2 protein chains.
Amino acid sequence: MSAALRTPPQLPPDTLRVIPLGGLGDVGRNMAALEVNGEILLIDCGVLFPEDDHPGVDLILPGFEAIADRLDDVVGLVLTHGHEDHIGAVPYLLRQRVDIPLIGSRLTLALLREKLKEHRLRDVQYRTVEDSQRIVVGGFDLEFVAVNHSIPDALAVFVRTAAGTVLHTGDFKMDQLPLDGRITDLRAFARMGEEGVDLFMTDSTNAEVPGFTTPERDIMPALERVFARSKQRLIVACFASHVHRVQQVLDAAVTHGRKVVYVGRSMVRNMKVASDLGYLKVPADTVIDLRDVDSYRPDQVVLISTGSQGEPLSALSRMANREHPVIDLQPGDTVVLASSLIPGNETSIYRVINGLAGLGATVVHKGNAMVHVSGHASAGELLYCYNIVRPRNVMPVHGEVRHLIANADLAVATGVPRERTVLAEDGTVVDLAQGRARIVGQVDTSYIFVDGSTVGDISETQLTDRKILGEEGFISVLAVVNTRSQRLISGPDIHARGFHEDDTVFDPVAAQITKALEEALGDGVVDASRLQQVIRRTLGRWVSNSYRRRPMIVPLVVTV
Amino acid sequence: MSAALRTPPQLPPDTLRVIPLGGLGDVGRNMAALEVNGEILLIDCGVLFPEDDHPGVDLILPGFEAIADRLDDVVGLVLTHGHEDHIGAVPYLLRQRVDIPLIGSRLTLALLREKLKEHRLRDVQYRTVEDSQRIVVGGFDLEFVAVNHSIPDALAVFVRTAAGTVLHTGDFKMDQLPLDGRITDLRAFARMGEEGVDLFMTDSTNAEVPGFTTPERDIMPALERVFARSKQRLIVACFASHVHRVQQVLDAAVTHGRKVVYVGRSMVRNMKVASDLGYLKVPADTVIDLRDVDSYRPDQVVLISTGSQGEPLSALSRMANREHPVIDLQPGDTVVLASSLIPGNETSIYRVINGLAGLGATVVHKGNAMVHVSGHASAGELLYCYNIVRPRNVMPVHGEVRHLIANADLAVATGVPRERTVLAEDGTVVDLAQGRARIVGQVDTSYIFVDGSTVGDISETQLTDRKILGEEGFISVLAVVNTRSQRLISGPDIHARGFHEDDTVFDPVAAQITKALEEALGDGVVDASRLQQVIRRTLGRWVSNSYRRRPMIVPLVVTV
């Protein structure tokens, strides 16, 4: 795979162009654009949560700048389900054109509506669709297919166009006995396969995992054991969108006579939406407010909380640090992390586990009990899909490079010719015509960073600066020179942050800088920026020799 | 557990004091001090590799400042084995007293000798000991016990003193069919148990892992399969100290007619030491130099490389980035990561795997094949140990809090009374007298940071500054004021790094700062530090309102 930009050719009539705008090479910021005869259909618009190589960044958006001048041609945005990595970037896209029709299931759009309210977006166009419903949007004839995932009401979408058909799975797995009975509709997949799927875009997240994803209901015995053994306070942390996981905890709570308290803003909000719409079945008098928790004994309540990824400001982290205003954990309390361990979050999660364990709490997590199962189809399930759909071309989506490659290998194992598996990355332009998909170009889908209230203001340059500052700190040098007398009249004043506690360590180099500046001034150099160069060079050499380090050097020369 | 400092009482005669100086609460910087009748024995002196919360730091040392004024009383330093987290901090300790007798096995001291040479330390005192050897060092009667670990020649140590006995396992596991036939000497453990073990200090790393650690030789089938299938270049990455792992690769190479090339400075150095001493058995004409690799076809060579943890400057990372000067990977090449996935390194390791996969290489790792086993005893093995030793008191060592707690629970499960399991952390002072171990105090064992060529110069304050700088950047404001005329004569000049590309975004606030400064000057404020406060407040408020961010603000006011 190569990311060199290569302008794609003009799109011929009756050819379908597919451009992944995110999610191929990362787990997150999922988005794809489909274009035919001048009209564009978008599928998903999610965020990527940044890791250490993007310090201070809040969110990373898909590369929708690539279609910035084409937004008027967009006929709709299909949201396959309500996870942040599929809907989180919608507010930022709508800032550019607010009336893009948003198409999705009832729960997906309800969760999105809450989000768009917080962003104060008005005049948004929603179009709710049902399982198996077929609608026409411009030149795209869409049929929605129920799929099973770690959030209810997820959909795959079958797209019929003048140039061929695409089946996009969204995120999915194939739990054959899901809690809500809503299975991935393989009969629909089979029917579409018989009709002909020209391009099959499939979730790659678990393509490296052999076998089959364990059914959600198989965590119930472990949860039951926890409830049966727990004699004191009990806290279960999981994702705020995992309605089925919450349902299992809620059911166990009812069985064991505990009230339920939702903790964390997104947990409270999502569970309200889910129970209002009937996705979460809540018996009367089960849920109480966190404010009222002290009216009950610790063993009469279970708290269902956010913070399962060790987020530093979450309720769970604050409990682990003894900083939570209401919940004060005691030895013998039990905390369950009923959640995955997302790569990159290990350090934060283990920090929380160690904090909780250090307070004497029993910590149950996927490392020592069956309290989590994945939301994505494993290799065995993907093989079923390929054999049922028998696609003409395959384009693995949603995953890092290793996942995409593993998924393509599964397609090949079921008989898809290697040359019919498209290993694309973000920005790869794929044209489908006469039943054949081909890579024809590459467009720019760079990360767009959200930082505080700014979008796109931060570039890789600032991030590189942050990285240097974060690892080495900086040293500032202030000098005031009189350009007429060619004399240094004040300074050098040297201060460091993130480098050394004691500014007197700079005394030896201050004399060197004075000497270097006076020599330069004596040579007739009176330009501030050239004098700053002198400081940078003198100090840089000294700090590298004396400390073997490379802090940022910030020289400030004032000429008077 | 609480880290509040509590001065321990004066040590009574014939009482044994144990202070863990590192390794309890972290995986790394393992070190313990044992004191009796005024003499101190040290066990291990390793480094901790820093994670994201210590940006820019190279190494973290044990808290040996706690015994800085007692170094003359140290009668010896026992090194249980040659891993960095057990020997890596020795050079920094020897800078404070070079002639502390270093006691260890042949391989351990040979590896340490190479390290101390690089640090240019002379007049070092080495004392090599054999399995089962008994030596007396001051008031400490030491008996060494062979243990099996992921490096050869590891030792446990049984310490007999006037105040009681301690059995310290070092790091170990209980592979019953190890490659070199050198098993953990449970007969010695049993004999010591019969004699009486007052305090059992045991490796906790895998105490949370149920069952038994898989034998090292069980990875041979997976390695064999890789060699049999590989038709092109083959690279195996593993730890540079894992002699047995390298031996297995080397044996497979001989079987399949491939020459062996060591890649990476520490791999070359350690394998030279190991084969010189006979720990690695190398048939003649097997190993070739990297310089000569081009004289062979790719399928005639296997490269054994460092970089299995995704270290950015390692040979493997450079291959993944196509930046290696000699090795240019081709589609169809195979790379094996025969190594663990150390928590905190996931992102780096997956980055390397994605890079290699993107180049078309087949990547084999512990996630998709049995190419790694742990070096530490799992819960099942620890139960054996407790039942064989039947210790009077137990103090879990080497692990995060959750590991220590899990290990204590295993001791309790075998019948050790809960009150006889000491849950200590770094700096906890434990006194053993009349066969009973008790926590009596807590001393300061703060992290000591190695950064560039400096040791201990960086404090938490600098790291906090680095964190702010790394996530938010900084804004500097320079103003020159005339204190006599009470006028601003130059500035404010506002510059930012890591904040925003374009300094003109500050134009609106520059006017506000000018106004605030002039008002302050008009009110008679001429003190530079008070004027700097004015700038900090004005700019801080503006940036928080306009950007919802909190960069470091660096005001510089020059008064002339």
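The values are calculated or read from the model by the stated rules, or taken from the named source; none is laboratory data. A quick note: this is a predicted structure, and the numbers were derived from the prediction, not measured. A quick note on method: Cβ atoms are made from the backbone with ideal geometry, for glycine too, and the neighbour counts reach across all protein chains shown. Ligands, DNA and RNA are excluded from the accessible area calculation, which covers all protein heavy atoms including side chains. Shrake-Rupley method; radii C 1.70, N 1.55, O 1.52, S 1.80 Å.
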Elements of type strands (runs of 3 or more DSSP E) contained in segment B:435-544, each with 3 or more residues being facing chain A (nearest Cβ under 8 Å):
B:474-482, B:487-497
Quick check on A:Arg70: is it within 24 Å of A:Val440 (Cβ to Cβ), under 19 Å from the mean Cα position of the chain (by Cα) and assigned by TED's automatic domain parsing to the domain that holds A:Gln125?
no
Considering every residue within segment B:437-456, establish whether at least one is aromatic (Phe, Trp, Tyr), over 30 Å from B:Gln176 (Cβ atoms) and in contact with a Ser or Thr (Cβ under 9 Å, 6 or more places away or on another chain).
yes
Could you please find all residues in segment B:269-290 being in a strand (DSSP E or B) and closer than 17 Å to B:Thr306 by Cβ?
B:Val287
Matching residues, segment A:209-221, being part of a loop (DSSP other than H, G, I, E, B) and either open to solvent by less than 20 Å² (accessible area, probe 1.4 Å) or touching a Ser or Thr at 6+ places or on another chain (Cβ under 6 Å) (or both):
A:Val209, A:Gly211, A:Phe212, A:Thr213
What are the residues in segment B:500-532 that are surrounded by fewer than 18 Cβ atoms within 10 Å (Cβ to Cβ), among the aliphatic types (A, V, I, L, M) and more than 26 Å from A:Ser453 (Cα to Cα), if any?
B:Val525, B:Val526, B:Ala528
Would you say A:Thr421 is among the polar types (S, T, N, Q), more than 19 Å from A:Ile67 (Cα to Cα), surrounded by 15 or more Cβ atoms within 10 Å (Cβ to Cβ) and away from chain B (no Cβ under 12 Å)?
yes
Which residue, of A:Ser241, A:Ser266, is part of a helix (DSSP H, G or I) and polar (S, T, N, Q)?
A:Ser266
Tell me, please, whether a residue that is modelled with pLDDT under 95 and either open to solvent by less than 20 Å² (accessible area, probe 1.4 Å) or of a type in the set (Gly, Ala, Ser) (or both) can be found in segment B:73-86.
no
Condition check: of a type in the set (D, E, K, R) and either free of Cβ contacts under 8 Å to residues at least 24 places away in the same chain or open to solvent by 50 Å² or more (accessible area, probe 1.4 Å) (or both). Does A:Asp457 satisfy that?
yes
Considering each residue of segment A:79-130, count those that are farther than 20 Å from A:Leu277 by Cα and of a type in the set (Ser, Thr, Tyr), and give that number.
1
Of the residues B:Gly56, B:Gly28, which is within 14 Å of another protein chain (Cβ to nearest Cβ) and open to solvent by less than 10 Å² (accessible area, probe 1.4 Å)?
B:Gly28
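For (1) closer than 26 Å to A:Tyr350 by Cβ; (2) of a type in the set (S, T, N, Q); (3) touching a Leu at 6+ places or on another chain (Cβ under 6 Å), each residue gets a yes or a no:
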| position | (1), (2), (3) |
| --- | --- |
| B:Glu143 | no, no, no |
| B:His149 | yes, no, no |
| B:Pro152 | no, no, yes |
| B:Phe172 | yes, no, no |
| B:Asp180 | no, no, no |
| B:Thr184 | no, yes, no |
| B:Arg187 | no, no, no |
| B:Gly211 | yes, no, no |
When B:Val416 is run through (1) surrounded by 21 or more Cβ atoms within 10 Å (Cβ to Cβ); (2) more than 13 Å from every other protein chain (Cβ to nearest Cβ); (3) touching a strand residue (DSSP E or B) at 6+ places or on another chain (Cβ under 7 Å); (4) under 20 Å from B:Gly193 (Cα atoms), the failure sits at (1)
Based on this model, can you work out whether A:Glu65 counts as within 13 Å of A:Tyr447 (Cβ to Cβ), among the charged types (D, E, K, R) and more than 14 Å from the chain's Cα centre (by Cα)?
yes
Just name the residue that is nearest to the chain's Cα centre (by Cα) out of those in segment A:283-310 that are among the β-branched types (Val, Ile, Thr) and crowded, with 18+ Cβ neighbours inside 10 Å.
A:Thr306
All but one of (1) assigned to a helix (DSSP H, G or I); (2) open to solvent by less than 40 Å² (accessible area, probe 1.4 Å); (3) assigned by TED's automatic domain parsing to the domain that holds A:Ser308 hold for A:Gly360; state the number of the condition that does not hold.
(1)
Of (1) within 13 Å of another protein chain (Cβ to nearest Cβ); (2) open to solvent by less than 30 Å² (accessible area, probe 1.4 Å), A:Val429 satisfies all except one. Which?
(1)
For segment B:308-330, indicate whether the set of residues that are closer than 22 Å to B:Arg225 by Cα and charged (D, E, K, R) is non-empty.
no
Among residues of segment A:326-354 being within 21 Å of A:Met271 (Cβ to Cβ) and assigned to a loop (DSSP other than H, G, I, E, B), the residue nearest to the other protein chains (Cβ to nearest Cβ) is A:Ser340
Looking at A:Ala369, A:Ala320, A:Ala361, which one is under 23 Å from A:Pro178 (Cα atoms), of a type outside the set (Lys, Arg) and within 12 Å of chain B (Cβ to nearest Cβ)?
A:Ala369
If I go through segment B:361-400 residue by residue, how many of them are closer than 20 Å to B:Leu316 by Cβ and basic (Lys, Arg)?
1
Condition check: open to solvent by 30 Å² or more (accessible area, probe 1.4 Å) and under 25 Å from A:Met174 (Cα atoms). Does A:Thr128 satisfy that?
yes
Filtering segment A:36-53 down to residues that are closer than 16 Å to A:Leu93 by Cβ and more than 14 Å from every other protein chain (Cβ to nearest Cβ), which residue is surrounded by the fewest Cβ atoms within 10 Å (Cβ to Cβ)?
A:Ile40
Give the residues of segment A:381-407 that are touching a residue at least 60 places away in the same chain (Cβ under 8 Å) and either of a type in the set (Phe, Trp, Tyr) or within 14 Å of chain B (Cβ to nearest Cβ) (or both), sorted by residue number.
A:Tyr384, A:Tyr386, A:Pro396, A:Gly399, A:Glu400, A:Val401, A:Arg402, A:His403, A:Leu404, A:Ala406, A:Asn407
For segment A:222-238, which positions are open to solvent by less than 20 Å² (accessible area, probe 1.4 Å) and in contact with a helix residue (DSSP H, G or I) (Cβ under 6 Å, 6 or more places away or on another chain)?
A:Leu223, A:Phe227, A:Val236, A:Ala237, A:Cys238
Tally the residues that are in contact with a helix residue (DSSP H, G or I) (Cβ under 8 Å, 6 or more places away or on another chain) and touching a residue at least 12 places away in the same chain (Cβ under 8 Å), restricting the search to segment A:525-536.
3
Are there any pairs, at least 6 apart or on different chains, whose C-beta atoms fall under 7 Å, with the first in segment B:280-308 and touching a residue at least 40 places away in the same chain (Cβ under 8 Å) and the second hydroxyl-bearing (Ser, Thr, Tyr) and part of a helix (DSSP H, G or I), and if so, which?
B:Thr306/B:Ser266; B:Gly307/B:Ser317
